[in-house]
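Undergrad: Starting off with a structure, shown below.
The numbers here are math on the coordinates, done by the rules we state, and not lab data. Quick caveat: nothing in here was measured; it's all calculated off a predicted structure. With ideal geometry, Cβ positions are generated from the backbone for all residues, glycine too; neighbour counts draw on all protein chains shown.
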Amino acid sequence: MEYSFIASGHQNVTSKHKSTFEITTDPTLTLKGDCIIGVSSNTTLKDLPEEIKKDIQTDNNKIELILESDNCSDKIVGYGSSKLTLDHPSDMVCRKSDFTCSRTLMIKADKAAIDLNKNLINELKQGSKLKVTIRTS
C-alpha cells in the first residue's frame, strides 16, 4: 500500500533532533522545533486511508517513508505498532525509539532529523515543497 501527501519546508528547519523528525499542519516553525522538517502539511494522521492505518497499526510491520524535494530525496525505514492511535489532528512523528503516543506515525525508525540527507534539508530551508510517501508491506 502507498499514500503520498505534500508539506512545505520553512526557513527555520534545522533538522538537529537526534531521536525523531516531524511533519505538521502548522504553518509556522520556530527555531525550537529542531525535529520539524515540514510544515503546512495537507494531511494529518486522521486523514490517512484506513488500509494504510491498518498496516501501520500492525506490530512490527515494515513502513517506508520517502521524502522528496525538487532535487533530493531520502528514505526512512521504521515499524508499525498496535499501540499507535494515528489520531493526532496536526502532528506526524517518526521515532527511533519504541515510544508511542497520538502523534506517532512509526517507531524504531532508522533515521531522525539529524540523520536526514543534508541536501534535502537545505532545500527545505529554502521553502521547497516536500512530497511524503508512506509505503507499507
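Undergrad: Could you give the dipole magnitude of segment 2-136 about its Cα centre, charging the beta-carbon of Lys and Arg +1 and that of Asp and Glu -1, in debye to the nearest 20?
TA: Numbers: 19 positive and 19 negative charges, 75 e Å.
In debye, rounded to 20, segment 2-136 gives about 360.
Undergrad: Just need the relative contact order of the chain here, percent rounded to a whole number, with Cα pairs under 8 Å and 6+ apart. Please list the in-between numbers first.
TA: Details: 393 pairs, mean separation 48.9, N = 137.
Over the chain, the number comes to 36 percent.
Undergrad: Can you tell me how much longer the chain between Ile6 and Thr100 gets when fully stretched, taken as 0.36 nm per residue apart minus their C-alpha distance, in nm with one decimal? Don't jump to the answer; show the numbers that get you there.
TA: On the way: separation 94, 0.36 × 94 = 33.84 nm, distance 2.38 nm.
Value of the extension gain: 31.5 nm.
Undergrad: Of Ser19, Thr43, Phe5, which is farthest on the positive side of the dipole of the chain, counting Cα position, with +1 on Lys and Arg Cβ, -1 on Asp and Glu Cβ, and the Cα centre as origin?
TA: Comparing the listed Cα positions along the dipole, Ser19 ranks first.
Undergrad: Then there is this: Could you give the nm distance between label points at Thr28 and Glu50, where each point is 7 Å from its Cα heading toward the beta carbon?
TA: Once both label points are built, they end up 3.9 nm from each other.
Undergrad: Hey, which of these cross-link pairs are over 23 Å Cα-Cα: Lys83/Lys125; Lys32/Lys118; Lys54/Lys125?
TA: Numbers: Lys83/Lys125 33 Å; Lys32/Lys118 19 Å; Lys54/Lys125 33 Å.
Beyond 23 Å: Lys83/Lys125; Lys54/Lys125.
Undergrad: Related question: Semi-axes of the chain's equivalent ellipsoid from the Cα gyration tensor, sqrt of 5 times each eigenvalue, largest first, rounded to whole Å? Could the numbers behind the result be given before it?
TA: Values: eigenvalues 96, 41, 39 Å².
Semi-axes, largest first: 22, 14, 14 Å.
Undergrad: Please list 3J(HN,Hα) in residue order for segment 94-106, calculated via the Karplus relation 6.51 cos²θ - 1.76 cosθ + 1.60 where θ = phi - 60°; whole Hz, with x for glycine and proline.
TA: 9, 10, 6, 7, 9, 5, 10, 7, 5, 8, 7, 8, 8
Undergrad: Under the Karplus relation 6.51 cos²θ - 1.76 cosθ + 1.60, θ = phi - 60°, what is the ordered set of whole-Hz ³J(HN,Hα) values for segment 30-40, x standing for Gly and Pro?
TA: Residue by residue, segment 30-40 yields 9, 5, 6, x, 6, 9, 7, 10, x, 10, 6 Hz.
Undergrad: From the phi of every residue in segment 109-124, what ³J(HN,Hα) in whole Hz does the Karplus formula 6.51 cos²θ - 1.76 cosθ + 1.60 yield, where θ is phi - 60° and glycine or proline is x?
TA: Here the 3J(HN,Hα) series is 5, 7, 9, 10, 3, 5, 8, 6, 3, 5, 5, 4, 4, 4, 5, 5 Hz.
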